[in-house]
Amino acid sequence: MIQRYKTLRVWISNTVEDQIWQSNGLNSDSFDFTPSMEASYRVKIEGRLLDDEDEETEQPKKQESTTEEGKESDESAQKSKAQEKPRFSHFFKSLTVDFDRSRFRTGAEQTVEWKKPDAPARNQPAANLPAAADFDELTFKRNGDENQNITINLFRQETPERYQLTPELADVVDMKDATHQEAVMALWEYIKLLGLQEDEEKRNFRCNEPLKKVIRQGDIGHIPLLNEYVQQHLRPLEPIRLPYTIRVDQEFHKDPQPTIYDIQVPVDDPLRDTLLPMLNNPQYIAMLKDVTGLDDQLAKVVQAIAVSKAKHSFFQSLGKDPTNFIKNWLSSQKRDLEVIMGEAPRGGGEHASGDEWRRGGKDSVWTTQNARESVNVLLSKQQR
């Protein structure tokens, strides 16, 4: 699958409700145990895939109502364009929020967790996903009247799944994370590069010190078991951790600013969606067969032209000087026949075992034009 990396921008912000400084003049020393007056905060996590030209200036957009027909059409075009992009939840299979449990007597009450239903494949169209698995924004509300630190954990979803490699395997394949197939191929290339495959038994390979830590089965490894060797060194990927401080103080909320993170995520190459319909089209396959047939016909035409040109040159030379042409042609045919039959006379009447035939170097008989032509003739006959 053809993929490239793009930027997923994540904005994290929070609002507050019923804080003491929002009490509109109520006495802060008074006690009010009414549930509706309990201080709380609301955290919003918003993510959107950026276009290449928007990476520096992109900001979260707010929905605005308008009655102008032109603006409505522009907004609908922008919405349709946004729907074509993978949404925030498309890139992750689960999300959790870790709170500072030391600040709470019952930390379990502060747990926030989201899991994608049925973990669909990444190439599944967004229209087929349930609403709980297709969103750009996640919001949760908790009670609290003090600033606190949280960590948002994003667990990546990739197809095929990527794994974190153990230090032993990472040292051999020079990768920290990879798919199962990538790790197996890298291990095989390492064995070939160092020439560790046995000469007599090609299914076995010798283990150097780094490979012994990977194989864990002695000095000899078996190529059919490479998948098993790699499997024991695969670990789940560590989540992407985004620290954030929930602010409930009045000073911050005079001009609140979101915390922004940029994450590199793999996306399918847009050219893939253009090519797939064409490649799967039966007419395209038939067209390829037609093109192949035309190529064969073209090759035959080129060959026929070459034969016609040779005939033209032959008869043109024959017409200009018939006597000398026939003489030279017969001499050439006789020489070629002697070479083919192995009866050609050696230079100077010497036997083929003479010193001249044993001598090498650029001035030897083996570097002459006749020798090259004879070798080319023999090779061309073998290819046929």
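The values are calculated or read from the model by the stated rules, or taken from the named source; none is laboratory data. Worth saying up front: this structure is predicted, and the values here are computed from it rather than measured. Heads up, the Cβs are rebuilt from the backbone with ideal geometry, glycines too, and the neighbour counts pull from every protein chain shown.
Can you confirm whether the stretch 199-218 contains a residue that is assigned to a helix (DSSP H, G or I) and under 23 Å from the mean Cα position of the chain (by Cα)? No, the stretch 199-218 has no match at all.
A Cβ distance below 7 Å, combined with a sequence gap of six or more or placement on separate chains, defines the contacts here; from the stretch 143-161, residues that are part of a strand (DSSP E or B) and at pLDDT below 90 reach residues that are among the small types (Gly, Ala, Ser) and surrounded by 13 or more Cβ atoms within 10 Å (Cβ to Cβ) in the pairs Asn143/Ala39; Asn143/Ser40.
Taking the stated definitions as given, is Pro277 touching a Lys or Arg at 6+ places or on another chain (Cβ under 8 Å), assigned to a helix (DSSP H, G or I) and surrounded by fewer than 10 Cβ atoms within 10 Å (Cβ to Cβ)?
On the way: touching a Lys or Arg at 6+ places or on another chain (Cβ under 8 Å): no; assigned to a helix (DSSP H, G or I): yes; surrounded by fewer than 10 Cβ atoms within 10 Å (Cβ to Cβ): yes.
In short, no.
Quick check on my filter: what residues within the stretch 207-220 are in contact with a helix residue (DSSP H, G or I) (Cβ under 6 Å, 6 or more places away or on another chain) and touching a residue at least 24 places away in the same chain (Cβ under 8 Å)? Show your work before the answer.
Residues of the stretch 207-220 in contact with a helix residue (DSSP H, G or I) (Cβ under 6 Å, 6 or more places away or on another chain): 207, 210, 213-215.
Residues satisfying the conditions are Pro210, Lys213, Val214.
Step by step: first the residues of the stretch 133-171, then only those that are polar (S, T, N, Q) and within 21 Å of the chain's Cα centre (by Cα), then the one that is surrounded by the most Cβ atoms within 10 Å (Cβ to Cβ). Which residue is that? Among residues in the stretch 133-171 that are polar (S, T, N, Q) and within 21 Å of the chain's Cα centre (by Cα), the one surrounded by the most Cβ atoms within 10 Å (Cβ to Cβ) is Gln157. Taking the stretch 226-248 as the range and being farther than 18 Å from Tyr163 by Cβ and surrounded by 13 or more Cβ atoms within 10 Å (Cβ to Cβ) as the test, the residues that pass are Leu242, Tyr244, Ile246, Arg247, Val248. Here Pro224 passes the criteria (1) farther than 30 Å from Pro86 by Cβ; (2) touching a Ser or Thr at 6+ places or on another chain (Cβ under 7 Å) except the one numbered (2).
Go through the residues of the stretch 191-202 one by one and say whether even a single one is outside the structural domain of Pro243 (by TED's automatic domain parsing), closer than 30 Å to Pro239 by Cα, at pLDDT 90 or above and not β-branched (Val, Ile, Thr). Don't jump to the end; show me each part of the working.
Initially, the stretch 191-202 is screened for residues outside the structural domain of Pro243 (by TED's automatic domain parsing), giving 191-202.
Remaining after also requiring closer than 30 Å to Pro239 by Cα: none.
Taking every residue of the stretch 191-202 in turn, none turns out to be outside the structural domain of Pro243 (by TED's automatic domain parsing), closer than 30 Å to Pro239 by Cα, at pLDDT 90 or above and not β-branched (Val, Ile, Thr).
Just give me the residues in the stretch 177-197 being surrounded by 13 or more Cβ atoms within 10 Å (Cβ to Cβ) and of a type outside the set (A, V, I, L, M), in sequence order. Within the stretch 177-197, Asp177, Thr179, His180, Glu182, Trp188, Tyr190, Gln197 qualify. If we scan the stretch 170-190, do we find a residue that is polar (S, T, N, Q) and part of a loop (DSSP other than H, G, I, E, B)? So far as the stretch 170-190 goes, no, none of its residues is polar (S, T, N, Q) and part of a loop (DSSP other than H, G, I, E, B).
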